[in-house]
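The values are calculated or read from the model by the stated rules, or taken from the named source; none is laboratory data. Fair warning: this is a prediction, and the values are worked out from it, not measured in the lab. All Cβ positions, even for glycine, are placed from backbone atoms using ideal geometry, and neighbour counts span all protein chains on display.
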Amino acid sequence: MHNPTVALLISTYNWPGALNLVLTSVLAQSKMPDEIIIADDGSGEETRTLVENFSKKLNITHVWQEDIGFRKSLVLNKAVKKIKSDYIIQIDGDIIIHPKFIEDHLQTAEEGYFVQGSRSMIIEQKSAEILKSGQTNLSIFSYGLNNKFNAIRFPLLSPLFRLAPSNPFHLKGCNFAFWKKDFISVNGYYNGFEGWGGEDYEFGARFLHAGVKRIRLKMKALAFHIFHPVNCRANTGANDKIYQATLSQKLTYRDNGYQEV
């Protein structure tokens with residue numbers, strides 16, 4: 001599709017300090033998204049106020065649901081319902097994006113494909129510093145980054161590092177892009193996931209089963225993950241059973257998804 005419209009989809013939960021850095025990095029984009037949708041799984045008033053302040057500078061739609069436990073899949077589906085754009089770039093609310101992030105993703109977008117980008121991990125000390133300072137201009141030369149290779153932007157070499165589609169277990173929703181029509185065709189995320197983990201793997205598996213191919217993107221669309229303690233993983237066993245069923249049955253569609261919200 002020539003010159004598709006693009007939405008930036010950001011998931012968040014009760015971490016306005018990180019979301020502030022994310023939205024600050026959006027303001028620095030060389031190519032602005034047509035719309036920004038914040039999928040909010042029950043954050044408090046501080047996040048609401050932050051979003052309202054950024055809405056004076058950015059075209060933001062804030063989709064909020066009541067906090068009755070980790071229901072990321074459900075709020076993502078609700079958020080996509082509000083999206084008018086052709087193409088969706090999804091990040092988490094703790095991901096600072098490079099100034100060329102949107103531009104790079106749009107240059108990579110291709111019909112029949114979804115894109116899995118990479119991320120560099122910001123260490124705990126550096127994360128504390130930037131949360132205090134508001135710094136978002138990170139690069140390969142910044143101290144306090146792990147996965148340094150993922151902090152290299154070299155678009156001319158990027159095609160050499162496009163890895164073949166493989167196990168969807170490696171898919172992560174923190175730097176991820178897809179066509180809205182493809183999202184609808186597999187019925188989006190499965191709302192039956194509760195608690196942390198698995199919803200992105202399972203969603204990606206249905207894409208692959210449906211014939212939507214994957215581009216694993218390196219050296220473009222750089223993202224930097226702010227350190228935080230590991231989420232509670234008490235429900236990963238139940239979530240993994242859902243994922244394994246999708247794999248074994250080669251499901252392309254699940255009920256209780258996008259259409260049901």
Scan (1) assigned to a helix (DSSP H, G or I); (2) over 21 Å from Asp41 (Cα atoms) for the single condition Asn239 breaks and write down its number. (2)
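If you take the residues of the range 216-246 that are at pLDDT below 90 and of a type in the set (A, V, I, L, M, F, W, C), which of them is surrounded by the fewest Cβ atoms within 10 Å (Cβ to Cβ)?
Here the residue is Val230.
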Those residues of the range 133-165 which are among the basic types (Lys, Arg) and closer than 20 Å to Ile95 by Cβ, in sequence order: Lys148, Arg153
Testing Val80 on (1) in contact (Cβ under 8 Å) with a residue 60 or more places away in the chain; (2) in contact with a Gly (Cβ under 7 Å, 6 or more places away or on another chain); (3) loosely packed, with under 14 Cβ neighbours inside 10 Å, one condition comes back false. Which one is that? (3)
Output the residue which, of all residues in the range 166-206 that are polar (S, T, N, Q) and surrounded by 20 or more Cβ atoms within 10 Å (Cβ to Cβ), is nearest to Glu103 (Cα to Cα). Asn175
Picking from Leu131, Leu160, Leu138, the residue that is buried (at least 17 other Cβ atoms within 10 Å of the Cβ) and in a helix (DSSP H, G or I) would be Leu131
Taking the range 207-236, which residues are within 30 Å of Lys100 (Cβ to Cβ) and not in a loop (DSSP other than H, G, I, E, B)? Phe207, Leu208, Lys213, Arg214, Ile215, Arg216, Ala223, Phe224, His225
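Look at Ile102 and say whether it is touching a strand residue (DSSP E or B) at 6+ places or on another chain (Cβ under 6 Å) and either crowded, with 22+ Cβ neighbours inside 10 Å or within 30 Å of Leu50 (Cα to Cα) (or both). Steps first, answer last, please.
Values: touching a strand residue (DSSP E or B) at 6+ places or on another chain (Cβ under 6 Å): no; either crowded, with 22+ Cβ neighbours inside 10 Å or within 30 Å of Leu50 (Cα to Cα) (or both): yes.
No.
If the requirement is being farther than 27 Å from Asn191 by Cβ and among the aliphatic types (A, V, I, L, M), which of these qualifies: Leu21, Leu8, Leu74? I'd like the intermediate steps shown before the answer.
Values: Leu8 fails: farther than 27 Å from Asn191 by Cβ; Leu74 fails: farther than 27 Å from Asn191 by Cβ.
None of the other options fit; the residue is Leu21.
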What do you reckon, is Ile89 at pLDDT 95 or above, touching a His at 6+ places or on another chain (Cβ under 6 Å), surrounded by 20 or more Cβ atoms within 10 Å (Cβ to Cβ) and closer than 17 Å to His225 by Cβ? yes
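So if I check each of Asn175, Asn137, Asn191, Asn147, which one is polar (S, T, N, Q) and on the phi > 0 side of the Ramachandran plot? Give the derivation first.
Numbers: Asn175 fails: on the phi > 0 side of the Ramachandran plot; Asn137 fails: on the phi > 0 side of the Ramachandran plot; Asn191 fails: on the phi > 0 side of the Ramachandran plot.
The match here is Asn147.
Take the conditions among the hydroxyl-bearing types (Ser, Thr, Tyr), at pLDDT below 95 and assigned to a loop (DSSP other than H, G, I, E, B) and apply them to Ser118. Does it pass? Quick ask: steps written out before the conclusion?
Working: among the hydroxyl-bearing types (Ser, Thr, Tyr): yes; at pLDDT below 95: yes; assigned to a loop (DSSP other than H, G, I, E, B): yes.
For Ser118, the condition - among the hydroxyl-bearing types (Ser, Thr, Tyr), at pLDDT below 95 and assigned to a loop (DSSP other than H, G, I, E, B) - is met.
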Could you look through the range 26-44, keep only residues that are touching a residue at least 60 places away in the same chain (Cβ under 8 Å) and surrounded by fewer than 22 Cβ atoms within 10 Å (Cβ to Cβ), and pick out the one that is farthest from Val75 (Cα to Cα)? Ser30
Look at the range 193-206 and say how many of its residues are touching a Ser or Thr at 6+ places or on another chain (Cβ under 8 Å) and not hydrophobic (A, V, I, L, M, F, W, C). 6
Selection from the range 121-148 of residues that are modelled with pLDDT under 95 and either of a type in the set (D, E, K, R) or in contact with a Leu (Cβ under 6 Å, 6 or more places away or on another chain) (or both): Lys148
